[in-house]
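The values are calculated or read from the model by the stated rules, or taken from the named source; none is laboratory data. On a predicted model such as this, the values are computed, not experimentally measured, just so you know. Every residue, glycine among them, receives a Cβ derived from its backbone with ideal geometry; neighbour counts consider all protein chains shown.
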Amino acid sequence: MNDKNDFLAGAGVNTRLSHIGNSPSDFHGFVNPPVVHASTVLFPNAKAMETRAQKYTYGTRGTPTTDALCEAIDALEGSAGTVLVPSGLAAVTVPFLAFLSAGDHALIVDSVYFPTRHFCDTMLKRLGVSVDYYDPMIGAGIESLIKPNTRLVHTEAPGSNTFEMQDISAISAVAHRHGCVVTMDNTWATPLYFKPLDHGVDVSIHAATKYPSGHSDILMGTVSANAAHWEQLLEAHGALGLCGSPDDSYQILRGLRTMGIRLERHQESTLNIARWLEEREDVARVLHPALPSFPGHDLWKRDFTGSSGIFSFVLKVDSQEQFKAKAHAFLDALSIFGLGWSWGGFESLAVHAGLSDRRVSKAPSEGPVIRLQIGLEDVADLRRDIEAGFAAAKAL
Ligand SMILES: Cc1ncc(COP(=O)(O)O)c(C=O)c1O
């Protein structure tokens, strides 16, 4: 047979998603890798044990199942190596612990996923790392915030809840000039719609809980590094005793097979609803980077090849006192949209976004921010549900 890897290197994304990360000939021809549950791995003799001269040495250091997933993620990210961690949040905190030491300073985007901020303001602070938050739209201007002890710049684009875009290439170039590591939470786009390492990022972070899982039933994170940062990331991951569970790794690998077609559907339905919302008088503003009206749209168009299924809109209200009551009336009238955290699954969700943590990139002032995760349901049904929400908010 011809070499499949050579073929895949030039193949389309859905072909690659269908074939990366497993090698059937390694497992008697079975299409999927085995789910290997393991702590102990036996060595054939004392010499092999002493020198650890075999591929697998202990369950925490990888199994054929976790390797299959890591290889698939490396193929998508273009990374030198990937580690698995038990949640998307851990995928952020592990590289921070890997690359920051007492006395260091880190720059974190202000539109960051809130639990990342919590980690910085509590544990990083306790470990002697100082942090400043920067404007997501700062671009190359980030240079003015870099101190002699700045070691890490964390990016997330689009930002959580308000979806600000970032000029990742410009930020990475400046950060590297000052010897900083650049990390990026790329969960929204997935490596299908944005490849961080191609834009200068050193460490790409993904909450695999979202689109790779796709079914709201798995928690997992992946951290992928370029060659210069891989050894240090792997060392920290091992030192912390982290590993991905075989069952969850298997499910995430299974999810990857359909991620491309699911994302196409999420994208199409989400854009349909976002454009429809823009036309409605109940809505003050729609926060979605793929809409030309959105301030960061040009960056999205320049760098991203698609958009996913989560965005926000600002509900139009008369006064600030009404924010909460109107938002709750909208949410409580929904039938199909569930009220719950997370996203990337097959089912639609709605949340009244809390933005009181923001320091630099302020929350919209026209009304409450409602975040929608658009699932795989029929758009007509989702619109009907949202209309019921608007009617309830208006009736209040
Ligand atoms: C942007 C972003 N990063 C990371 C995470 C964390 O993922 P997990 O829920 O797996 O901890 C989330 C969760 O909502 C998220 O929205």
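Of all residues in segment 73-128, those that are under 29 Å from residue 217 (Cα atoms), away from the ligand (no atom under 16 Å from the Cβ) and aliphatic (A, V, I, L, M) total 4.
Among the residues of segment 200-229, those identified as surrounded by fewer than 20 Cβ atoms within 10 Å (Cβ to Cβ) and either more than 11 Å from the ligand (Cβ to nearest atom) or farther than 18 Å from residue 89 by Cβ (or both) are 200, 215, 217, 227, 228.
When you look at residue 181, is it within 30 Å of residue 354 (Cβ to Cβ) and either in the same structural domain as residue 94 (by TED's automatic domain parsing) or of a type outside the set (Gly, Ala, Ser) (or both), yes or no?
Working: within 30 Å of residue 354 (Cβ to Cβ): yes; either in the same structural domain as residue 94 (by TED's automatic domain parsing) or of a type outside the set (Gly, Ala, Ser) (or both): yes.
Spelling it out, residue 181 is indeed within 30 Å of residue 354 (Cβ to Cβ) and either in the same structural domain as residue 94 (by TED's automatic domain parsing) or of a type outside the set (Gly, Ala, Ser) (or both).
Yes or no, residue by residue, for (1) closer than 30 Å to residue 21 by Cα; (2) assigned by TED's automatic domain parsing to the domain that holds residue 353:
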{"residue": "251", "(1), (2)": "yes, no"}
{"residue": "263", "(1), (2)": "yes, yes"}
{"residue": "272", "(1), (2)": "no, yes"}
{"residue": "278", "(1), (2)": "no, yes"}
{"residue": "287", "(1), (2)": "no, yes"}
{"residue": "298", "(1), (2)": "no, yes"}
{"residue": "307", "(1), (2)": "yes, yes"}
{"residue": "313", "(1), (2)": "no, yes"}
{"residue": "328", "(1), (2)": "no, yes"}
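Of all the listed residues (82, 93), the sole one being free of Cβ contacts under 8 Å to residues at least 60 places away in the same chain, under 30 Å from residue 37 (Cα atoms) and in the same structural domain as residue 183 (by TED's automatic domain parsing) is 93.
Inspection of segment 103-116 finds a residue satisfying the criterion of being closer than 19 Å to residue 207 by Cβ, aromatic (Phe, Trp, Tyr) and either in contact with a Pro (Cβ under 9 Å, 6 or more places away or on another chain) or in contact (Cβ under 8 Å) with a residue 60 or more places away in the chain (or both). Scoring residue 306 on the criteria (1) surrounded by fewer than 21 Cβ atoms within 10 Å (Cβ to Cβ); (2) within 20 Å of the chain's Cα centre (by Cα); (3) in a helix (DSSP H, G or I) leaves a single failure, condition (3).
Here are 366, 321, 377, 347: which of them is over 22 Å from residue 278 (Cβ atoms) and part of a loop (DSSP other than H, G, I, E, B)? It would help to see each step written out before you state the result.
Numbers: 366 fails: over 22 Å from residue 278 (Cβ atoms); 321 fails: part of a loop (DSSP other than H, G, I, E, B); 377 fails: over 22 Å from residue 278 (Cβ atoms).
Just one listed residue meets the conditions, 347.
Flag: residue 168 matches the condition of being in contact with a strand residue (DSSP E or B) (Cβ under 7 Å, 6 or more places away or on another chain), within 25 Å of residue 344 (Cβ to Cβ) and either away from the ligand (no atom under 13 Å from the Cβ) or of a type in the set (Phe, Trp, Tyr) (or both). The residues listed here are 38, 53, 46; of these, the one that is among the aliphatic types (A, V, I, L, M) and at pLDDT below 95 is 53. Can you name the residue in segment 335-354 that is within 18 Å of residue 262 (Cβ to Cβ) and not hydrophobic (A, V, I, L, M, F, W, C) and is also nearest to the ligand (Cβ to nearest atom) among such residues? Among residues in segment 335-354 that are within 18 Å of residue 262 (Cβ to Cβ) and not hydrophobic (A, V, I, L, M, F, W, C), the one nearest to the ligand (Cβ to nearest atom) is 342.
Beta carbons closer than 7 Å, at least 6 apart along the sequence or on distinct chains, pair a first residue in segment 206-218 that is more than 14 Å from residue 191 (Cα to Cα) with a second that is more than 8 Å from the ligand (Cβ to nearest atom) and among the acidic types (Asp, Glu) for 216/347; 218/248.
Applying the criterion of being within 20 Å of residue 378 (Cβ to Cβ) and not aromatic (Phe, Trp, Tyr) to the residues of segment 308-334, the residue that is farthest from the ligand (Cβ to nearest atom) is 333.
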